[in-house]
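No lab work stands behind these numbers, since they all come straight from the coordinates. Computed from a predicted structure; not experimentally measured. Virtual Cβ from ideal backbone geometry, glycine too; neighbours counted across all protein chains shown.
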Amino acid sequence: MITLDAITLTFPDGSERVTAVDNVSLTAQPGTVTAITGPSGSGKSSVLAVAATLIRPDRGQVIVGGIDATELNRADASRLRRERIGIVFQQSNLLPSLTAVEQLVVMGELGGSARRGRPRATERARELLGAVGLTDHLDKRPAQLSGGQRQRVNIARALMNEPTVLLVDEPTSALDQERGAEIIDLIVGLSTDQGTATLLVTHDLVHLPRVHAVLQMVDGRLSPVPMGAVRSTAAHESS
Ligand code: ADP
Ligand code: MG
């Protein structure tokens, strides 16, 4: 479970500061997907960066599995991130020279699950790649995979260290609508199966009826969107 409590984040902007995240609070439960939608520049990626403990907020707390990440020093925060948080960035940052299995095994080694040993790590990598539908592509390098398949490798890699929190930023932005819908379904299915508390940033309203809760961000402020409104908007957009 992850809780953001009254998070405010500002960035320097000339002689002033711009407020990217304005007093945002949210809680995501294990096994659920909370979508964060909203226009470009509204602060969605900034919220994820704070949740990921990559940026320390000006104010507020980030609580991951009972630990207040904003109280931790850099080393402890990065350990918490490696062990508890899976991150899928907008741009897939796979290593060009590694196969799909190797991308995941390397992540396992960075994540401290090296103690598990390479054979176990390879086994988990194969299992996860199977769960994302890539059983036939285990030994392919990124250049041999489609955009959607690379995104699947990214998602599997984020789950390698059995995180309790999964943070995903616009995973469908480079995909067509059908591929995009498949990726969202996959994220929802994996979050349920693996029990992750998932925050999913997307501006694509068509995908939202599949998730458990939807929040909208406007000018750094977050507000809930009733699922009834989500379904009628999605129906309207896809017709
Ligand atoms: P979104 O993901 O919704 O498009 P962002 O979180 O990327 O929005 O950006 C929110 C606001 O914060 C924007 O005004 C953006 O220009 C600003 N911002 C984001 N990252 C930085 C940064 N590293 N330095 C300065 N301003 C930033
Ligand atoms: Mg963004």
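Please state, as a whole number in µm²/s, the translational diffusion coefficient that the Stokes-Einstein equation yields for the chain at 10 °C and 1.306 mPa s, with Rh defined as the Kirkwood radius across alpha carbon pairs.
Stokes-Einstein gives a translational diffusion coefficient of 87 µm²/s.
Which of the helices in the chain meet the span-like rule: DSSP H, Cα axial reach of 18 Å or more, Kyte-Doolittle mean at least -1.0?
Helices passing the filter in the chain: 177-194.
Please give the length that would be gained between Q29 and R59 if that part of the chain were fully extended, namely 0.36 nm times their separation in residues minus their C-alpha to C-alpha distance (nm, one decimal).
This chain segment gains 8.5 nm when fully extended.
Would you mind calculating the gained length between E83 and T192 on full extension (0.36 nm times residue separation, minus the Cα-Cα distance), in nm to one decimal?
Taking 0.36 nm per residue and subtracting the Cα distance, the gain is 37.3 nm.
Please figure out what share of the DSSP beta bridges in the chain is antiparallel and state it in percent, rounded to the nearest 5.
55 percent
Using a Förster radius of 25 Å, what is the FRET efficiency between I67 and N93 based on their Cβ-Cβ separation? Nearest 0.05, please.
After rounding to 0.05, the efficiency reads 0.45.
Between the stretch 76-97 and the stretch 10-50, what is the separation of their alpha carbon centroids in Å?
Here the answer is 18 Å between Cα centres.
Go through 197-204, 129-136 and give me the packing order, highest mean Cβ count within 10 Å leading.
Going from most to least packed, we get 197-204, 129-136.
Where nothing but the Cβ of Lys and Arg (+1) and of Asp and Glu (-1) is charged, how large is the charge dipole of the chain around its Cα centre, in debye to the nearest 20?
660 debye
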